[in-house]
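This report refers to the structure that appears directly beneath it.
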Amino acid sequence: MYKSLSRLALAGAFLLLGACASVPMATESEDMQAKQASVPAGKSLIYLYRNETFGAAVKLNVTLDGRDAGETASKTYFMWTVNPGQHQIVSKGENNASLTVDAKPGQRYYVWQEVKMGMFQPRSLLHVVDEPTGREGVKECKLIKGNI
């Protein structure tokens, strides 16, 4: 019995270590362009990134202004070109983390999607971070081919 439990535990550990969530990814060229994008006249850019490896096997659904943007995985990001004004981002896990960005024309905003341990699923928090921190976080990630 002990050997069976040990083998089962070992198999489960390998599955967890090998499991990595997969989301539709943009091309390498699109990723490079997004990381170097200029803010279009009269618009704003919002980057939402997830640069942690914690919770790598889990995808988290994200909405922007009530529209399904897609899912994030470890080391991924979205970039959205938006009109100035208020934009609500929601990260859905065991909880719904919500953040409103009041976008000004010509500005870039960086939102870090932090993954936390939950009871049954991961939880998340959303934080607006300064530009140097956000640029570094996005640099570690790859662009997601989102729904928006």
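A short reminder: the numbers here are calculations on the coordinates, not readings from a lab. These numbers come from a predicted model, not from an experiment. So basically every Cβ, Gly included, is an ideal-geometry build from the backbone, and we count neighbours across all protein chains shown.
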Query raised in the report: For the pair Lys104 and Phe54, what calculated FRET efficiency results from E = 1/(1 + (r/R0)^6), where r is the Cβ-Cβ distance and R0 = 25 Å, to the nearest 0.05?
Result: 0.20
Query raised in the report: Among the lysines, which have Cα under 21 Å from the Cα of Lys104 when same-chain residues fewer than 8 positions away are ignored?
Result: Lys35, Lys43
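Exposure proxy check: Glu136, Glu114 ranked by fewest other beta carbons within 10 Å? Before the final figure, lay out the partial values.
On the way: Glu136 13, Glu114 16.
Neighbour counts put them in this order, fewest first: Glu136, Glu114.
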Report summary line: Residues whose built amide H sits under 5 Å from the amide H of Met25, excluding neighbours closer than 5 in sequence, are Lys145
Query raised in the report: What are the principal axis extents of the Cα atoms in the chain, in Å, biggest first?
Result: 67, 32, 26
Report summary line: Phi-derived 3J(HN,Hα) across the stretch 143-148 with the Karplus relation (6.51, -1.76, 1.60, θ = phi - 60°), rounded Hz, x for Gly and Pro, is 5, 8, 7, x, 8, 10
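Between Arg67 and His127, what length comes free when the chain is fully extended (0.36 nm per residue of separation minus the Cα-Cα distance, one decimal in nm)? It would help to have the intermediate numbers written out before the result.
Numbers: separation 60, 0.36 × 60 = 21.60 nm, distance 1.97 nm.
Residue separation times 0.36 nm, minus the Cα-Cα distance, leaves 19.6 nm.
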Report summary line: As straight-line cross-link partners of Lys142, the qualifying aspartates and glutamates (C-alpha separation under 14 Å, not fewer than 8 residues apart within one chain) are Glu28, Glu30, Asp31, Glu52, Glu71
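Within 11 Å, Cβ to Cβ, of Asn95, how many net charges do the neighbouring residues add up to if Lys/Arg are +1 and Asp/Glu are -1?
Numbers: positive: Lys92, Lys116, Arg123; negative: Glu94.
Neighbour charge sum, excluding Asn95 itself: +2.
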Report task. With label points built 7 Å along Cα→Cβ from the Cα atoms of Gln33 and Asn83, find their separation and express it in nm. Result -> 2.4
Query raised in the report: Sorting Lys43, Lys145 on the 10 Å Cβ count, fewest up front, what's the list?
Result: Lys145, Lys43
